[in-house]
1. Roughly speaking, what % of Cα-Cα pairs in region A:67-117 are separated by over 12 Å, rounded to a whole number?
2. Please check: in the Gaussian network model of chain B (C-alpha springs, under 10 Å), which one of B:GLU310, B:GLU150, B:GLU220 has the largest mean-square fluctuation.
3. Have a look at B:VAL267, A:GLN54, B:ILE286 and report the one farthest towards the positive end of the charge dipole of the protein assembly as shown, computed about the Cα centre with Cβ charges (Lys/Arg +1, Asp/Glu -1).
4. Tell me the relative contact order for chain A as a rounded percent, counting alpha carbon contacts under 8 Å between residues six or more apart.
5. Under a 10 Å cutoff between Cα atoms, tell me which one of B:LEU198, B:LEU52, B:LEU15 has the largest fluctuation in the Gaussian network model of chain B.
6. Divide by every residue of the protein assembly as shown the summed helix terms, -39500 (n - 2.57) for each DSSP H run of at least 4, and state the resulting mean residue ellipticity at 222 nm, rounded to the nearest 500 deg cm²/dmol.
7. Please state the equivalent ellipsoid semi-axes for region B:188-237: what are the square roots of 5 times the Cα gyration tensor eigenvalues, largest first, in whole Å?
8. In the P(r) worked out for region A:39-141, what percent of Cα pairs fall beyond 19 Å?
Amino acid sequence: MSRVILQTHDLTVRFGGHVAVDHVSCAFRTGELTAIVGPNGAGKTTYFNLISGQIPSSEGRVELNGRDITRASVSDRCARGIGRAFQLTNLFPDLSVLENVRLVIQSKAKMGFSLFSMADSHRDVTDRAKAVLEKVKLFDLRDQVVSALSHGNQRKLEVAMLIALDPAVYMFDEPTAGMSVDEAPVVLDLIAELKAEKDRTILLVEHKMDVIRTLADRIIVLHNGMLAADGDPVTVMASDVVQEAYMGKELEDV
Amino acid sequence: MIVKLLSGDMPRSKLLSAILLAILICLAFAPFIFPGVRSLDTAARICVFILLVASYDLMLGYGGIVSFAHTMFFGMGAYGVALACTYMERGFGALIVGAGAGALLAAVVAFLIGLFSLRVRAIFFAMITLAVASAVAVLVSQLSGLTGGEDGLNYKIPRELTPAFKFGSEFLGVKLNGKLLNYYVVFFGAFLLFLLLLRIVNSPFGRVLQAIRENDFRAEAVGYRVINYRTAATCISAAVAALAGALYAIWLRYVGPDTALSFEIMVDILLMVVIGGMGTMYGAVIGAVLFVVAQNYLQELMSVASAAVEGIPLLPDLLSADRWLLWLGLLFVLSVYFFPSGVVGRLRQGK
C-alpha cells in the first residue's frame, strides 16, 4: 500500500532578501517517482538541499515517516533513509571506484568505527559493492582511481553509490547532466529499473522532457521557488504554467 | 601472516620493501650492528620519531587535519613519565602510570580541542592547536616547581633499564646491561604501536578518514558524521604521540622543554611527514630515518668534506660544519621539489 513517506510543510529558505524556496508544501508517497521540473534558478536543487539537509531551512518542516527531521544533520538524515545523488559529480576522487561504493555500504552497515579489523577482510561488504558495480556496468573499472574516470562513468558511479545505499527515498539531481546522448540512456534505464524492481520512492530533477514523460508518475513544477503545479504528467505538461514558464525556456535553451 | 601483520598494506614497490626491511633489521639489531653510545642513541631516536611521525600522518595524511599541537601531545607523554618517575616510587609501575596518564591527558585535550574547533573550517583547528600548544609550552616552563621549568627534569627509571644493571657479561661484543633492555623497550614499543597504526589506517575507520580527506561533504552525505571521525582520529593520534613521548622519556632519562615541547620538533615532524610521503605510513619510517640521520651526522660529514677541500677558496667556508642547517634546508627544498608525493609516493609510482 502506498503511504506518505516524505513531506515538506511550508518549507522556505531565504538568502538575504531572495526567497529561493517559498513555502513549498508537498507530500511524496512510497512507490512513486516524482519528477521535479522548473526553469534554471527555480529552486529545484535548493529544495533538494533542504530535504537532504545540506542547507538549513529558514521556515517550515521536513518530515520523514511522520518524524520531524528539519533539524537533523545530513548524516543523520542519510541514516534514516534519505539518499542523494548530486548534480555536480561529487565523489572521493583519489580512491578507487570499488572503494567509493564500499564506503557507502560500510556506512549502511554502521562499521565506520571498526578500528582494528582490516577493511578488506569484510568480504560481505566488498561483495555487495562489486554486485552494485556489476549492475551499473562499472565492474571492469573497479580498481581505477575515480579521478581517471570519464565524466559519463563518474555519473554512473554517482548513481551506483545511491543504489549501494538503497535508501527509503532516492533523490536524483539531474543524473544525466553533461552526459553524451548515448550515455544518458544507461543512467535513465538504471532509474527505470530501480522503479520497476520494487516500490521505491524516487525524486528526480531532470530537464529532458521526453524522459520525464515516460518515467514519472507525477510531476511537480517549481517556479521562482514556489510550487506552481502538481499532478500526473499529462495534466501538468498541458497546463499553462509549464507551457509558458518551462517549455518556453527549454526551447530557447535548445 | 606478514600480510595480516601489515594489515594488507604492502609496500607495493620492490625497492621500498628492500629499504624498509633494511631499516627494520638495522633497528632491530642496532646494539649489535652499531655498538657506539651515540649510534645507539640515534637508533632509539629514530624509533621514537617513526612512531611520532606515523601518528601525525594518521591525522594529516589520512584525515587531512592540520595540527600544530603534536609536540604538545608528545610532551604530555614525556612529562607524564618524568613526573611519575620523580614523584612516585621507582619502578615499572611509575612508567606505566606516567605513560598511561600522559596518553589519557593527550586524548582528552585532543577531544576538547576537536570538539570546539573541528566543527568549523580546518584552518581554525590549526590555529587553535597552535595557540594551545604555545600556551602549554609557556605553562610548563613557568611551573618550574613542578616541571623543572627550562632546566627540565632528571629522574630515575627502574634500575633494570639503566647501564648499572648487568645480566651477563658480553654477547657478540656487546655488554648485556639495562641500556640494552631499555633500547628494546623503545624498539618494540615503537614497532608494535606502528603496526597498530598501520592496522587503524587500513580498517573501515581508516577508509572513512580517507573519504573525509577527499570529500567531507560527500562523506557526510553517505552517512558518516564527519566531526566524530575527525575528533576520534585526533584523539588516537594524540594518544599515540604521547606514548612516543613516554618512550623517549624512558630512553633519555631526562625531559625538558627543548627535547619534548619545542616548536622546532613540530617543524621537524612536518618535514619528516612531507619528505617520507603523506598518507602512506611507511613514509613516516623513511622520513624519520632520513631526517634523524641527517640531523645527527650531516655536521660531521661536512667537517670531513670541509677539510678535504681545504685550500680551495670559498668551498671550505660553504662546507664548514656550522653551515649544516643551510644544507639540511637545501636538501629539503630539493626533496620536496623532486618528490612532491614524498619518497614513498615516488618509489610506488616509479617503475
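1. Everything past 12 Å amounts to 73 percent.
2. Sorting by GNM fluctuation, first place goes to B:GLU310.
3. Selected residue: B:ILE286.
4. Here the relative contact order equals 28 percent.
5. Highest fluctuation among the options: B:LEU15.
6. Calculated at 222 nm, the ellipticity per residue is -18000 deg cm²/dmol.
7. The equivalent ellipsoid of region B:188-237 has semi-axes of 24, 10, 7 Å.
8. Summing the P(r) of region A:39-141 above 19 Å gives 56 percent of all pairs.
Values quoted throughout were computed directly from the atomic coordinates according to the rules given, and no laboratory measurement underlies them. Every value quoted in this text rests on a predicted model; they were computed, and no experiment measured them. Don't worry about glycine lacking a Cβ; one is built from the backbone with ideal geometry, like all the others, and counts go over all protein chains shown.
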